[in-house]
1. Collect residues whose amide H, placed 1.01 Å from N in the peptide plane, falls under 5 Å from the amide H of LYS31; neighbours closer than 5 in sequence don't count.
2. Rounded to whole Hz and in sequence order, give me ³J(HN,Hα) for the stretch 220-227 from the Karplus expression 6.51 cos²θ - 1.76 cosθ + 1.60, θ = phi - 60°, writing x for Gly and Pro.
3. So what's the back-of-envelope 222 nm ellipticity for the chain, counting only DSSP H runs of four-plus at -39500 (n - 2.57) apiece and dividing by all residues, rounded to 500?
4. Treating the beta-carbon of each Lys and Arg as +1 and of each Asp and Glu as -1, no other charges, what is the dipole magnitude of the stretch 79-211 about its Cα centre, to the nearest 20 debye?
5. For the full complex of protein chains and a 1.4 angstrom probe, list MET221, MET273 by accessible area with the highest value first.
6. With contacts defined as alpha carbon pairs under 8 Å and 6 or more residues apart, what's the relative contact order of the stretch 178-261 in percent?
7. What's the angle, to the nearest 10 degrees (0 to 90), between helix 98-107's Cα axis and the longest principal axis of the chain?
8. Kindly state, as a whole number, the per residue volume in cubic angstrom of the convex hull around the alpha carbon atoms of the stretch 112-230.
Amino acid sequence: MSLKISAKRKLFQVIAFGYSNLHLLNFKGGKIYEGKWKQFCNPGLNCYSCPAASLACPIGALQAVSGSMEFQFSFYVVGFLLAVGVLLGRSVCGWLCPFGLIQELIHKIPTPKLKLKKGFLYIKYVILIVFVLILPVVATNYMGMGKPAFCQYICPAGMLEGGIPLLLAHQELRQTIGALFFLKTAVLIVTLGGCVLIYRLFCRTICPLGAIYGLMNKISMYHLEIDRNQCVNCGKCAKVCKMEVNPVNTPDSPECIRCGACAQSCPEGAICMGFHTNSNQQAELSE
């Protein structure tokens, strides 16, 4: 291969960030792009309210439909997430997510790095169930409209990409600053600070989109495979995994973002990624 997996992945991340934020000139006027492409969802997490954003956020769209005055099941958004999940699994997080790229760049700041305790990995599932699925439906106002709870109270991407740029561009919006602004600013500071110390902290502990795609890792068409005949159990793949996954033991782990670091480090070439089925596994299934 002319490019290493890590270099290819970074190229894909930059391209994905670019197509997700095509309207950079909107930052000057603090306007939000509202063209026809906004009706389509971004596979990764990128705030709808970001002036440069060219696509909708799937989590925001899901909440907007379910929180409408007449509750509706969002067949388009759910279908989109299931289709992307079945096709790519959590490789979306590793290759296509704009906020994932931001987290990785922040983590490069030279400081001591920490590991994440496994118990924190389950927080994102609680956030998915409570803030994305339940609250927009049950916590309604006098008009029967639910609030996009995750976007409104938690999402640091929304604050970084949408809230702060819009406040800087519109002086009149600064007069509305209140407790919610300070809450979300605190969440943003904690998240960004945490990402400096812990690799992809938001992705691993908070992101409901990562939770959805992670659940699809076991059935996704794009997947990780281990050739058991070639693997010598040297442990190098587990050592290089920044998501703290042992790919030999759990190649379909919901935490694996298919970054390819394990495959690149394997001295025997026993790890591969792609839309294929290992011939050894096929033989085992046929026996």
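The values are calculated or read from the model by the stated rules, or taken from the named source; none is laboratory data. All of these numbers come straight from a predicted model, not from anything done at the bench. Virtual Cβ from ideal backbone geometry, glycine too; neighbours counted across all protein chains shown. Calculation scope for accessible area: heavy atoms of the full protein, side chains included, ligands and nucleic acids excluded. Shrake-Rupley method; radii C 1.70, N 1.55, O 1.52, S 1.80 Å.
1. Those qualifying (amide H under 5 Å, at least 5 residues apart or on another chain) number zero.
2. For the stretch 220-227, the Karplus curve yields 5, 5, 8, 8, 9, 10, 10, 7 Hz.
3. -12000 deg cm²/dmol
4. 560 debye
5. MET221, MET273
6. Relative contact order here is 28 percent.
7. 70 degrees
8. Residue-normalised Cα hull volume stands at 179 Å³.
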